[in-house]
1. Region 154-173 to region 186-237: how many Å between their Cα centroids?
2. Using protein chains only and a probe of 1.4 angstrom, how many square angstrom of Tyr201 are accessible, to the nearest 10?
3. From the residues Leu237, Val180, Gln270, which one has its Cα farthest along the dipole of the chain in the positive direction, the dipole being from +1 and -1 charges on Cβ of Lys/Arg and Asp/Glu about the Cα centre?
4. Any idea what the relative contact order of region 1-130 is, in percent, if you count C-alpha pairs under 8 Å spaced at least 6 apart?
5. Efficiency by 1/(1 + (r/R0)^6): what FRET value for Asp257 and Asn153, r their Cβ-Cβ distance, R0 = 51 Å, to the nearest 0.05?
6. What is the dipole size for region 1-90, taken about its Cα centre, with +1 at each Lys and Arg Cβ and -1 at each Asp and Glu Cβ, in debye to the nearest 20?
7. What is the sum of charges around Asp33, taking Lys and Arg as +1, Asp and Glu as -1, for the other residues whose C-beta is under 11 Å from the C-beta of Asp33?
8. Nearest 0.05, what FRET efficiency do Arg249 and Ser107 give at R0 = 41 Å with Cβ-Cβ as r?
Amino acid sequence: MSTGSGGYLHHWGLAEAPFMLEPDARFAYERGDHREGLARMVFGLTQLGGLVLITGEIGCGKTMLSQSLQSLLAGGGRRVVTVSNPPRTAAALLSALLVAAGDEPASSAARAEAALRGLLADAQAAGTPTVFAVDEAQRLDARALDELRLLTNPGDGPAAPTVLLGQPELSARVNRQRQVAQRVVVRFHLQPMDADEVDAYIQHRVRVAGRRERLFTKRATRDIHADTGGVPRLVNLLCANALFVGAARDDDRVDADTVGDLIEDRNRAQALADGDGAA
């Protein structure tokens with residue numbers, strides 16, 4: 001059978017690829033901590049104001065959580081202005097927020113802040129309160145974090161509750177700035193999935209992609225969890241490769257043998273690369 005140009009998807013009865021690495025809200029799987037994280041984000045942003053701090057290791061689903069937040073708040077009449085992979089400095093960050101909000105960039109932090117305050121006032125008057133979201137916020141320098149704190153302060157004009165999403169070091173960076181830390185109203189750390197969640201996550205994505213029957217055996221999903229530690233991005237990568245190899249072998253399920261072969265191939269390649277580096 002042909003495995004090129006989507007032929008492997010036809011082999012499995014899939015309408016589309018279920019394990020792409022780019023976040024896609026259609027495939028969002030609301031596991032326990034994601035539901036709690038989303039609920040706490042919404043509570044902090046809509047009821048408390050200030051800063052909401054969401055942390056997690058690389059690939060744990062922070063961006064997917066941000067997309068879910070945007071869909072949920074949009075349904076409630078709020079606008080979410082999002083900046084991903086933000087510039088480090090205050091002036092560049094505030095300009096990036098202006099551009100994300102549909103305005104022109106500003107030449108200085110002061111002008112950008114004034115323009116943002118104007119946008120916030122217009123949105124508030126129109127009945128569409130604005131929320132800022134900054135993904136990969138561990139990149140921000142101290143002044144950029146402080147400028148975001150100021151934008152959450154209603155005493156200086158219309159305020160924008162802001163969610164900061166980032167890797168675990170973001171929490172330490174915030175804690176080093178007392179005034180910023182005092183504006184944090186909600187903190188939540190995303191954990192990797194356990195073995196049962198990995199199994200349910202894989203089945204969920206396969207169903208969204210068009211197949212109702214179980215595709216990965218239970219033992220295969222257990223081995224996937226053991227290898228990836230339950231990090232969604234790593235799960236997606238291993239599953240995508242397993243689908244391709246399983247189709248090439250003309251299997252009717254993705255089993256533990258296929259998963260094990262992929263893990264062994266990767267580990268062998270890594271060992272060879274490490275050996276070359278040590279030579």
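1. Each part reduced to its Cα centre gives a spacing of 30 Å.
2. Accessible area of Tyr201: about 20 Å².
3. Val180
4. On the way: 92 pairs, mean separation 20.0, N = 130.
15 percent.
5. Efficiency, rounded to the nearest 0.05: 0.30.
6. The dipole magnitude comes to about 340 debye.
7. -1
8. Working: r = 59 Å, r/R0 = 1.44.
Approximately 0.10, to the nearest 0.05.
The values are calculated or read from the model by the stated rules, or taken from the named source; none is laboratory data. Because the structure is predicted, anything quoted here is derived from the model rather than measured. Reconstructed Cβ throughout: ideal geometry from the backbone, glycine too, with neighbour counts over all protein chains shown. Areas reflect the complete protein model, heavy atoms only, side chains present, ligands, DNA and RNA absent. Shrake-Rupley method; radii C 1.70, N 1.55, O 1.52, S 1.80 Å.
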